[in-house]
Amino acid sequence: MRHRGLAAGVLALALVGCAQVQPGTTPTPTGSVDSPTAGVTAGPTPTASATAETPSPSATAGVTTCADLAGSLDLREQAAQLVMVGVHGEVDAAEAAALEEYGFGSAILMGNTTHGVAGTKQRTDAVQAAGKGQVLVAVDQEGGLVRRLKGPGFTDMPSAAEQAKLDPAELSAAAQTWGAEMAKAGVHLDFAPVADVVPAAKVGTNEPIGKIGRGYGTTPEQVAANVEAVVTGFQRGGIAASVKHFPNLGEVVGNTDFATKVVDDVTTRDAASLEPYRRAIAAGVETVMVATAWYPLIDADAPAAFSPAVLSILRDDLGYTGVIASDDLGVAKAVADVPARERAVRFVRAGGDLAVAVDVAPAEAMVDGLAAAAADDADLAARVAESAGRVLALKSQFGLASCEVVVG
């Protein structure tokens, strides 16, 4: 077992409870985060995108901010907050050991199950038992082919293409029901809805979205209205949402789960297809997932998840202050040429916060690599601490971190 030192005791005491101060076709591999065939009680309704901004001293007298809590952790503990590990089926010995020994701050439920709400709750309880009740639990529950959780207590969730046939009010009400069911099962975050805009002419050739019914429409406005409806419905149901795949997978042909380099030669920094993200951000979406495709009209030197230029669109152009998550960096072909130890380093350097790795081995390597690199780089260490504060702020909404989000 790894011994993480005295600071681990501080973490165990701190990451419990919370208080907030806020103003009013082609099968994909089992390892993929959102591939169709990939083998605690509900928290409070999330509000605006959680931030780790440090307010003035007068605003925080006697208050532990999430940035302060992040600063109380050592580098390795901070790094563990920035990597989400996959749990496949029942929590096996290796996964339980990883949650306990590495201190992963979050986990994603992988594999399609029919255990229902009660059976899924047993599964998330096992995750929390291994992670000392401090684990943010995510799932990839879009509907249609990408629907991890089924069985008694889970309402049928159709594909995004079918959901889009509802008017926004009906869709939001349905999303509230789906969200409440996931929250009852111990889930805090759903990596949905899909915000990609697939033009009508490309629906039949766009492998990751259009060909398998994962899109909410063929125009930015159609997609934006439906995405906003799902985000607000999930929030009312008691879970957080994650819009994806920034900046857009609607213009590509290949699938990043299979192809080593999927290229979008259309999307620009001011593309109309960013409108769904603007609307989701205005609705207070808690996380945004970044693609691993390449966007040479924005950055010809790196895929989106490793690109400061792409991520700066979120922070600088769209004013997003919440958690930026990655698509899978564990087994996806799109990042296979980068050693696992370097993937979280590149993501966090670029401005990302929460690196997803659906398998234990790459997830552990990512924690090790990020902690080691930050130990030798003061700028990276500052970025790690900043991102840890954002992740803890999100966790505080669900009673998984004892810190306050103070705005203003």
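Readers should treat all values here as calculations from the given coordinates under stated rules, not as data from a laboratory. In this text the structure is predicted, and so the values were computed from the model without any measurement. Quick reminder, even Gly has a Cβ in these numbers, built from the backbone with ideal geometry, and neighbours come from all protein chains shown.
Once both labels are modelled 7 Å past Cα along the beta-carbon direction, what's the ALA97-ALA375 spacing in nm?
2.2 nm
Between LYS165 and THR219, what is 0.36 nm times their sequence separation minus the Cα-Cα distance? Round to one decimal in nm. Please report the intermediate quantities before stating the final value.
Numbers: separation 54, 0.36 × 54 = 19.44 nm, distance 1.43 nm.
Full extension of this stretch gives 18.0 nm more.
If we count every other residue with Cβ under 12 angstrom of ALA385's Cβ, Lys/Arg +1 and Asp/Glu -1, where does the sum land? Before the final figure, lay out each step's value.
Working: positive: ARG383, ARG390; negative: ASP68, ASP74, GLU77, ASP353, ASP379, GLU386.
After counting each charged neighbour, the total is -4.
Show the residues, 5+ positions off or on another chain, whose built amide H is closer than 5 Å to the amide H of THR64.
Correct list: GLU404.
Need one number: nm distance between label points at ASP125 and LYS261, each 7 Å from Cα along Cα→Cβ, rounded to one decimal.
5.1 nm
Lys and Arg at +1, Asp and Glu at -1: add these up for the other residues within a Cβ distance under 12 Å of ALA309 and post the number.
Details: positive: ARG269, ARG315; negative: ASP299, ASP301, ASP316, ASP317.
That works out to -2.
Using Cα centres only, tell me the gap between region 157-187 and region 279-336 in whole Å.
Measuring centre to centre over Cα atoms gives 25 Å.
Stretched out fully, how many nm does the piece from ARG315 to ARG269 gain, at 0.36 nm a residue minus the Cα gap?
Working: separation 46, 0.36 × 46 = 16.56 nm, distance 1.24 nm.
Here the segment from ARG315 to ARG269 would lengthen by 15.3 nm.
Summing +1 for each Lys or Arg and -1 for each Asp or Glu, what net charge is found among the other residues whose Cβ lies under 11 Å from the Cβ of LEU297? Working shown, then result.
Numbers: positive: ARG269; negative: GLU251, ASP264, ASP265, ASP270, ASP299.
So the surrounding residues net to -4.
Rounded, prolate or oblate: which fits region 251-408, taking a ≥ b ≥ c as square roots of the Cα gyration tensor eigenvalues, rounded meaning a/c under 1.5, else prolate when a/b beats b/c? Please list the in-between numbers first.
Details: a/c = 1.71, a/b = 1.11, b/c = 1.53.
Oblate.
Apply the a/c threshold of 1.5 to the C-alpha gyration tensor of region 148-210 and tell me whether it is rounded, prolate or oblate. List each step's numbers first, then the result.
Numbers: a/c = 2.41, a/b = 1.82, b/c = 1.32.
Prolate shape, in that a/c is at least 1.5 and a/b is the bigger ratio.
Give me the log10 of I(q) over I(0) for region 291-352 at q = 0.12, 0.14, 0.18, 0.27 Å⁻¹, as the Debye formula computes it from C-alpha points; what are the numbers?
Taken in order of the listed q values, log10 I(q)/I(0) reads -0.26, -0.36, -0.59, -1.22.
Give the peptides 377-387, 211-221, 179-189 in descending order of average Cβ contacts within 10 Å, highest first. Intermediate values should be presented prior to the final figure.
On the way: 377-387: 17.1, 211-221: 20.4, 179-189: 25.8.
Per-residue Cβ counts within 10 Å, averaged per peptide and sorted highest first, yield 179-189, 211-221, 377-387.
Hey, if you drop one equal point scatterer on each alpha-carbon of region 162-297 and run the Debye formula without solvent, what base-10 log of I(q)/I(0) do you get at q = 0.09, 0.15 Å⁻¹?
-0.25, -0.68
Given points 7 Å out from each Cα along the Cα-Cβ axis, report the ALA336 to THR64 separation in nanometres with one decimal.
4.4 nm
Rg over Rh of region 354-401, using C-alpha atoms and the Kirkwood radius, what does it come to?
Details: Rg = 12.3 Å, Rh = 11.9 Å.
Ratio value, two decimals: 1.04.
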